[in-house]
1. Counting only the backbone N, which residues of segment 913-933 are under 18 Å from the spot 7 Å out from the Cα of N949 toward its beta-carbon?
2. Determine, from the Cβ-Cβ distance of A645 and R825 and an R0 of 60 Å, the FRET efficiency 1/(1 + (r/R0)^6), rounded to the nearest 0.05.
3. Check which residues have an amide H placed less than 5 Å from F878's amide H, if you skip close sequence neighbours.
4. Using the alpha carbons of segment 20-189, what is the convex hull volume per residue in cubic angstrom, as a whole number?
5. How much net charge surrounds G372 when only other residues with a Cβ under 9 Å from its Cβ are counted (Lys, Arg +1; Asp, Glu -1)?
6. Mind listing the phi-derived Karplus ³J(HN,Hα) values for segment 803-813, rounded to whole Hz, using 6.51, -1.76 and 1.60 with θ = phi - 60°, and x for any glycine or proline?
7. Long-range amide H contacts for Y917: which residues qualify at under 5 Å (H placed 1.01 Å from N, peptide plane, sequence gap of 5 or more or a different chain)?
8. Amide H to amide H under 5 Å from V746: which residues, 5+ apart in sequence or cross-chain, H placed 1.01 Å off N in plane?
Amino acid sequence: MADHRNGSAAGGGPSYDIDLQHFMKRLKVFYSHWKENKVDLWSSSDALVVATPPASDDLRYLKSSALNMWLLGLEFPETIMVFMNKQIHFMCTQKKASLLENLKRPAKETVGAELVMHVKTKSDDGTALMDEIFRAIRAQSKSSGPDSPIIGYIAKEAPEGKLLETWGDKLKNSSFQLVDVTNGFSELFAVKDNTEITNVKKAAYLTASVMKLHVVPKLEKIIDEEKKVSHSTLMDDTEKSILEPTRVKVKLKAENVDICYPPIFQSGGEFDLKPSASSNDENLYYDSTSVIICAIGSRYNSYCSNVARSFLIDANTQQSKAYEVLLKAQQAAIDALKPGNKVSAAYQAAFSLVERDAPELIQNLTKSAGTGIGLEFRESGLTLNAKNDRVLKAGMVFNVSLGFQNLQAQTNNPKTEKFSLLLADTVIVNEAEKPPEVVTAISSKAVKDVAYSFNEDEEEEEVQPKAKVESNGTNALLSKATLRSENQESKEEVRRQHQAELARQKNEETLRRLAGGGSGSGDSRGAGKSSSSLIAYKNVNDIPTPRDLMILVDQKNEAIHLPIYGSMVPFHVATVKSVTSQQDNRTCYIRIIFHTPGSAFSPLDANFSKFQGAIYLKEVSFRSKDPRHISEVVQQIKTLRRQVASRESERAERATLVTQEKLQLAGTKFKSIRLPDLWIRPAFGGRGRKLTGTLEAHVNGFRYSTSRPDERVDIMYANVKHPFFQPAEKEMITLLHLHLHNHIMVGNKKTKDVQFYVEVMDVVQTLGGSRRSAHDPDEIEEEQRERDRKNRINLDFQNFVSKVNELWAQPQFNGLDLEFDSPLRDLGFHGVPYKASAFIVPTSTCLVELVENPFLVITISEIEIVNLERVGLGQKNFDMTIVFKDFKRDVLRIDSIPSSSLDGIKEWLDTTDLKYYESRLNLNWRPILKTITDDPEKFFEEGGWEFLNMEASDSDSENTEDSDQGYAPSDVQSDSVSEEEDDDSESLVESDEDEEEDTDEDSEEEKGKTWEELEREASNADREKGDESDSEEERQRRKMKAFGKSRIPDKRDPRGGPSKRSKLR
C-alpha cells in the first residue's frame, strides 16, 4: 500500500492509518497561515487546488506530494484536493476515500470545514465529479462576493496522467482567476516543528554515518590496495548502505528510509557540483594530487538530509590552501544562519571570507551556498544566494553546500590539472541564543581527516630530481607498490633524508623551547610528603584514667600509654618507629624505638621543625613477667601503626589530587550508555569477594559501580587524556582503557590509568590429562562457543564505543578532542618496558601496552627523540630509549626488543615524524639531560642531538677497540672470541661518558659484573621473552668463552703480567 520511494497510499498490501492528532495540528497551521498571509503569499486566493500525480519509481520532489506527506503523513497519488473556507473536497478512488473518511470529524472540529468525498470509479473519466467541485467553488464564491473566484494552484507542476490532464484543461477553460501559490507552500513548509526536526536529525545521522563508516573506509581500502573500482560501483554499494541502515550500525527501520538522489562519486578531473550530477563508469582516480568528491543524501519519513566531502590525495600547496579557505568559508556561512538575519547573509559571509583570504578563487566560487531542505531536497524560495532577502527563522533547515569549480592545478597530468572542491552539511537554525546545529557533524571534514598521503616516497622524488626514477610511460612517477618491490634502497635513502630534516627541525624546536624557559611541564622528582599534626588528645581531661601501671593501647585515639616514673604518659602511635619483644626464661622484654629529629627517612620532619626546643624520647624498654600481655601489646601496636600509616598515606595522596567537577547524571536528557559485567583495574581494596560492575556514560563523565555502595568511581570526560578500545584478538581480554590527565583515587589507590575489561574465554584444564583429538565433536563445539563469546563481547564493546564517540562528537565536547583509539597490532613488537616481556603496540597518538600491569601509555607528541641502543651486527636484541620533551622526566627504556623488529620500528618512527638515532651503547641519560638544561645554547652549538649519530658511535667504538688491544689474547681463535665479548660488554654495561682513558679501565672493571653474571642475566632475559632457540651446546660454548676470557693471561701485555681479571682477586 505504500510505495517505497514516495510513501504513497494505494490499494493492496498492509493497511495504513492517518494520525488524526497530527492531521488536526497541521490543518490548523495550514489554515492559519493561509488566512494571515492571504495577500502576501497566497495571492488572495479563495480556494486552493492541489492535484497529486500517479505513483512513480523515479525520485522527484513535488509541492503536491510534499503537502500530502506534511498534512496526511502519506502520499495519495492521482488525488485532487480543493481547500476552501467552509469545505475540503477530495476526488479519489474508493479505497483512498475509505481511508480519508476518518478525517471528516477532525476537519470540522479544527477549522470548521466540511469534508466532501468524490469517489471515482475505474471506468469514469472524472469530468462529472470535476463539475461538482467547480459548482461548489462558485457557490462559495457567490456567498463571499460577486467577483469571479480566485483559484490558487501550483503552476510549475505539469499534469501527469489522463485524470490530471483532464483536470488541468477544465481548470484553464473555466472562468476562474488562476494564481500561482508556490511561495505560500514554500513558506508553510520552511519552518519545521519538533516532529519534523526529529525526522531531519535521524536522516542526517544516517547520512553522516554512511559517509563515516562506509564511504571513507571503502575509499581508504581501495586506494591502499590499489584496486580498480568504478564510480558507479561505489554508488551502488553506498546506496545499499543507505537503504540497509544496519550495515552502518544505525537502528532505523529500512521501510522508513530512502535515498535523496543516487550517491555521487567524482574524480579524474571531471566534476559537476550540482545535485543532479551522476556517477559515471570511469574508475576511481587516486594518483598524486588527485581529488575525490563524494556526495550522499538520505531521507527518513520523506525528510531529506545531505552531506558532501572532498578527499585530497597527496595534495599540493595550492589544493591544500583552496580546501582550507573553503572550509572556513562554509563555516562562515553556517555561522550566519541566525534568526533575524537575511537569507543572503550566509552567502555574503562566505564570499567575504574568500575575497579576504584568497581573492583569486572568487571567480570559481559557486553562485549559492545551498538551499532550504526538508520534504523537498531543494525548497524553492530558500536559496542561499546574494539576492535572497527573506528573513531566517528558528526551525528552518538548510543544506549548506559550497564549492570551488574548475580550479587549475600546476601538474602535468591531464586528470589532475583541473580539480573542484565541494563541502555540504545539513544545518538547523536554532533560537537566537544558540548557534546553528550541524546535524551531519559526525562526518569529519577537518584537513587531517580528508587529506591523505599515500605516496610520500614519490613526493620526496619530486623534490629531489636526482632521485627521480625514469618511466617508459607517460607518468614520471612510480606507484607505491613498485617502489616497495623494486626500489628498497631508494626508500631507505628517502627515510635517511627525512630523518636528517627532522634532526634539523628538532634541534631548532628544542633550543627554542628551552630558551623560552624551562624544560616543559611536569612534576619534580623530589616532591615532598606533607604530614598532618600528630595530636592524640586535645585536652588533658580526655586522657583515660588507668587502672594499673601497665602498657595500654588506646585504639580510638591512636595512642599508647607507657608507665614512666609512676605516671601514664601517652604517645601518638605514629611516633613509634619500631616495637620488638624478647622472652627470657621467666621474664619478657618489650623495646619501643621512637622517631627522633635527624633520623634518616623520618616521616615526621615537619612536626619536629615546629618544636625545635623540645626533648625527644628515643627508646624505652620494659620488663614483664606476663609474656602473654607483652605479646598482645606488641601485636596491637603494630596493627595500629599499620592502620594509621595506611590512612596517612591515602590522605597524603588525596591531598595532591586535582579537584574534579561533579558528575551530571544522564537522567531525562538522554538514555545513559551502559556496558555491564566489567572488571576494573586497579581493583577496589577490601578482603571480600571481588564483584563485576557496570560502566555508564553520562552527561559529563563515566561512572563505574558495583552492587556495593562504596565501590564507585567517577571519571570526568575533561580528565580523559587518551581513551583506548582493544578488542580481544590474541589476548584473553577485551578492554577499555582510560589514560587520564590528573590522578584519581580508585578505592585507596592513586592512579592515572583506569581499565575496564572482560575475559573473553575461561582458563580450562583437562583433569584426565589425556590429549583430545582435533576432530573431537565436543572440542569443536567448545571452540565454536569460545569464538562466539569473543565475537559477542567485542561487538558489545564496539557498540558502547561507537555511542560514546557519537556523544563526544557533539559541539560541547569539541575542545576535548576525544575519540576512542585502537592499537595497530600489525605495527606491534615485543619488549621489556618494566620487568616482564610484553607486546607493545602503537596507536595513532600513543605507544601502549594495556594487557600487563603496570600499563604503558606514552603520548607521541610528548616525545623529544628516540635512541635505539645496542644496535649492531650479531645482536639478537636491542633497546629503545625514549627521551621526553620534559627533561625533568626520566627517560623510558624498553629493553630486549628482537632485532627482527628494527626495520618496522624505524619505519613507524619515521612516518610519525619522530627523530631516531642508533648507537651501540646504553647511555646514562641523567647527566646528559642535566648538561642540556644547564647550558642549552652550548649544547646546540656543538651539534645538538647529532652526538647520538651512528657514525660518531662507530668512531668511538673503533677508538675503544684500539685502546683494548693490549688486553686481547694473541691467538686467532681467542681474538674472535674477544671481539664478540667486547660487543656484548658494550651493550650490557652503561657508560657515563663516551670516551674513557686506559687508566680508567681498572676502576670500570671493578664496578662491572663478572661475565658469568652477565651471561646469567642474558639467559634469564631470553627465557622471560620465550626465546629458547639457542641449543644447550651453544649456551655451553658461550659460557666457556666467557670463562676463558676471564682466565687467559694477556700475552700481548708488554709487562708480561696477568690480565685485569687477576687484579680483582
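1. Counting only backbone N, you get 915-921.
2. 0.90
3. S896, I897, S899
4. 111 Å³
5. Counting the neighbours of G372, the net charge comes to -1.
6. 5, 5, 4, 5, 5, 5, 6, 5, x, 5, 9
7. Close amide H contacts, sequence-distant or interchain: V866, N867, L868.
8. Close amide H contacts, sequence-distant or interchain: T751.
The values are calculated or read from the model by the stated rules, or taken from the named source; none is laboratory data. From a predicted model like this one, the values you see are computed outputs, not experimental measurements. Neighbour counts run over all protein chains shown; Cβ positions are idealised from the backbone, glycine included. Just the protein is used for accessible areas: all its heavy atoms, side chains included, with ligands, DNA and RNA removed. Shrake-Rupley method; radii C 1.70, N 1.55, O 1.52, S 1.80 Å.
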